[in-house]
1. Which condition does Val61 not pass, out of (1) farther than 24 Å from Glu17 by Cβ; (2) open to solvent by 10 Å² or more (accessible area, probe 1.4 Å); (3) of a type outside the set (Ser, Thr, Tyr), if it passes all the others?
2. Take the residues in the stretch 108-123 that are more than 9 Å from the chain's Cα centre (by Cα) and open to solvent by less than 10 Å² (accessible area, probe 1.4 Å), then tell me which one is nearest to Gly51 (Cα to Cα).
3. Could you list, in sequence order, all residues of the stretch 106-149 that are assigned to a strand (DSSP E or B) and more than 15 Å from Ala75 (Cα to Cα)?
4. Return the pair list, or none, for Cβ contacts closer than 6 Å from residues in the stretch 99-110 that are on the phi > 0 side of the Ramachandran plot to residues that are open to solvent by less than 50 Å² (accessible area, probe 1.4 Å) and in a loop (DSSP other than H, G, I, E, B), at least 6 apart or on different chains.
5. So, in the stretch 65-99, of the ones that are of a type in the set (Val, Ile, Thr) and either modelled with pLDDT under 95 or open to solvent by 20 Å² or more (accessible area, probe 1.4 Å) (or both), which residue ends up farthest from Ala8 (Cα to Cα)?
6. Being on the phi > 0 side of the Ramachandran plot and touching a Pro at 6+ places or on another chain (Cβ under 8 Å): is that true of Gly22 here?
7. Of the conditions (1) over 16 Å from Cys80 (Cα atoms); (2) touching a residue at least 12 places away in the same chain (Cβ under 8 Å); (3) hydroxyl-bearing (Ser, Thr, Tyr), Ser138 fails just one. Which one is it?
8. Let me spell it out: the conditions are (1) surrounded by 13 or more Cβ atoms within 10 Å (Cβ to Cβ); (2) among the polar types (S, T, N, Q); (3) touching a strand residue (DSSP E or B) at 6+ places or on another chain (Cβ under 8 Å), and Asn153 meets all of them except one. Which number is the exception?
Amino acid sequence: MIDVDPSAVVSPLADIEDSVRGSRIVIGARSVVDSFVKVKPAGGTGDMVVGADVVINSGCVFYTGNGIVIGDSVAIAANCTFAPVNHEYRSRERLIRSQGFRPGKGGIMIEDDVWIGANCVLLDGARVRRGAVIAAGSVVRGDLQAYGVYGGNPLRQLGSRS
C-alpha cells in the first residue's frame, strides 16, 4: 500500500514500487521526494514511514527490508542508500542468493531534525537520534546520539550541535 499525503510532492521520475507482501509506504505532509529516488519493498515485510516536511534528494535508494522510519523535518542529500536488510551468506554449499536473509536488527530509525549528507549508507539497526548530522560518504550502523555530528567509515563522532 502506498499512501502519499495530498500536500507531499513526489516527482513523476521517482520510482516507488508497491509491495506484494503488504508493506506500507507512507509519505507525510509537505514532504518532497525528488526525481530518481527508488523505493523497493525487498528483503522483508517492514514498512517505510516518512514524516512531515522531509526532503529526499535525487538518487536515493530505499529497500524497505526490516522497516524504515523517518521522523519530521529530515533532510536527506543525494545518492544515499537505506538498507535495513542483510543477505545470509554462511553456507558455502549454497549460492548466496538462494540463502535468503539474515535475522533483522530492527530496521532503520531516523528521528526528527536530522541531516544526512550525500552518498551515505544506512544499514539495518541504525538509530539516528534527534538533531544528528551525518557527513557525506558515511556508513551508519548502530545508535547515534542526539545532536551529534558524525562522519566517516568507520563512523566516528566529530562533534555536536551547540
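The values are calculated or read from the model by the stated rules, or taken from the named source; none is laboratory data. This structure is a prediction, so every number in the text was calculated from the model and none was measured. Quick reminder, even Gly has a Cβ in these numbers, built from the backbone with ideal geometry, and neighbours come from all protein chains shown. For the accessible areas, the whole protein counts, side chains as well, though only heavy atoms, and no ligand, DNA or RNA atoms are used. Shrake-Rupley method; radii C 1.70, N 1.55, O 1.52, S 1.80 Å.
1. Val61 satisfies all of (1) farther than 24 Å from Glu17 by Cβ; (2) open to solvent by 10 Å² or more (accessible area, probe 1.4 Å); (3) of a type outside the set (Ser, Thr, Tyr) except (1).
2. Out of the qualifying residues, it is Val114.
3. Selection gives Ile108, Leu123, Arg127, Val139, Val140, Asp143, Leu144, Gly148.
4. Hits for this filter: Gly100/Glu88; Gly106/Gly125; Gly107/Gly46; Gly107/Gly67; Gly107/Pro84.
5. So the residue we want is Ile96.
6. No; evaluated as a whole, the condition is false for this residue.
7. Only one criterion is unmet by Ser138, namely (1).
8. With respect to (1) surrounded by 13 or more Cβ atoms within 10 Å (Cβ to Cβ); (2) among the polar types (S, T, N, Q); (3) touching a strand residue (DSSP E or B) at 6+ places or on another chain (Cβ under 8 Å), Asn153 is out only on (1).
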